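Readers should treat all values here as calculations from the given coordinates under stated rules, not as data from a laboratory. The shown structure was predicted, so the numbers you read here are calculated from the model rather than taken from an experiment. Every residue, glycine among them, receives a Cβ derived from its backbone with ideal geometry; neighbour counts consider all protein chains shown.
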Amino acid sequence: MNFSLLIINIFVMEIEKVLTILQEAKNTWQDETLNVLEKNPFLLLVGGILSHRTKDVTTREALQRLGTIAQDPKLLLAIPEEKLAAIIYPVGFYRRKAAILHQVARILTEEYHGQVPDTMEDLLRLPGVGRKTANLVLSIAFRKPAICVDTHVHRIVNRWGYVKTRTPEETEIALREKLPVSHWITFNHLLVVFGQNVCLPRKPKCFACPVEIYCPKIGVDHQQRS
């Protein structure tokens with residue numbers, strides 16, 4: 001067995017230890033996730049929709065602005081679409097997302113009595129909602145066992161060699177088969193904070209990584225490390 005494969009196998013065997021180490025280090029990192037911002041199911045849903053093609057900090061700031069005046073679907077519907085677009089700017093596709101948020105708020109008001117549904121099937125019926133956002137709402141707002149896989153999670157677990165997948169959707173399937181259920185709810189938050197601060201998309205801070213000894217750094221060459 002070559003050295004890289006040995007490291008990957010060690011990492012897979014030590015996943016519990018790795019996650020424990022990251023959990024202990026998390027408190028020293030800046031947290032720009034939506035998870036700590038809001039447990040309100042509606043605002044988590046809105047945040048998930050806003051996050052598509054948008055940086056974490058931009059999504060968080062837009063949701064903070066919106067959350068001060070629209071904590072539920074009826075309040076959001078009361079905001080004219082043009083004003084809503086201005087509030088969430090500069091998230092990606094902000095005008096389109098303002099229209100989507102109005103559609104979602106209307107559906108929730110008319111079909112779900114103003115409540116966010118707590119099943120994957122119903123969440124995926126909502127405009128602008130994919131599995132990432134649905135899993136975020138299910139796991140954080142409703143504490144149901146679900147794995148939210150965004151670009152951070154997809155990148156990191158492939159960089160670790162814990163899975164070998166091409167898309168976030170494939171990563172979710174692989175993690176559901178492999179990751180202990182006890183970690184499903186907390187996995188996204190932990191890895192997103194890790195990905196925001198240390199395991200960056202480009203120039204990851206391998207020198208500051210508390211689990212560097214376990215990581216084969218798949219897809220990262222020496223020149224890409226800061």
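The ellipsoid equivalent to the alpha-carbon distribution of the stretch 41-141 has semi-axes of 19, 16, 11 angstrom, derived from the gyration tensor eigenvalues as √(5λ) and listed largest first.
Among the listed pairs LYS55/LYS83; LYS97/LYS132; LYS55/LYS178; LYS164/LYS203; LYS39/LYS217; LYS26/LYS132, those with a Cα-Cα distance over 25 Å are LYS55/LYS178; LYS39/LYS217. Sorted ascending by nearby beta carbons within 10 Å, beginning with the fewest, SER51, SER139, SER182 become SER182, SER139, SER51. Mean projected area of the Cα convex hull of the stretch 99-173, taken over all directions, amounts to 5.5 nm². Between LYS144 and SER139, the built amide H atoms are under 5 Å apart, and every one of these is 5 or more places off in sequence or on another chain.
For the chain, adding -39500 (n - 2.57) for each run of n ≥ 4 DSSP H residues and dividing by the number of residues yields -16000 deg cm²/dmol at 222 nm. In terms of its C-alpha gyration tensor, the chain comes out prolate, because a/c is 1.5 or above and the ratio a/b outweighs b/c. For the stretch 164-226, the square roots of the Cα gyration tensor eigenvalues, ordered a ≥ b ≥ c, give a/c of at least 1.5 with a/b greater than b/c, which places it in the prolate category. With θ taken as phi - 60° and the Karplus curve 6.51 cos²θ - 1.76 cosθ + 1.60 applied, the whole-hertz 3J(HN,Hα) list for the stretch 144-149 is 9, x, 8, 10, 7, 10 Hz, x standing for glycine and proline.
Each of HIS189, PHE93, LEU124 was placed along the dipole of the chain (beta-carbon charges, centred on the mean Cα), and the one lying farthest toward the positive end is PHE93.
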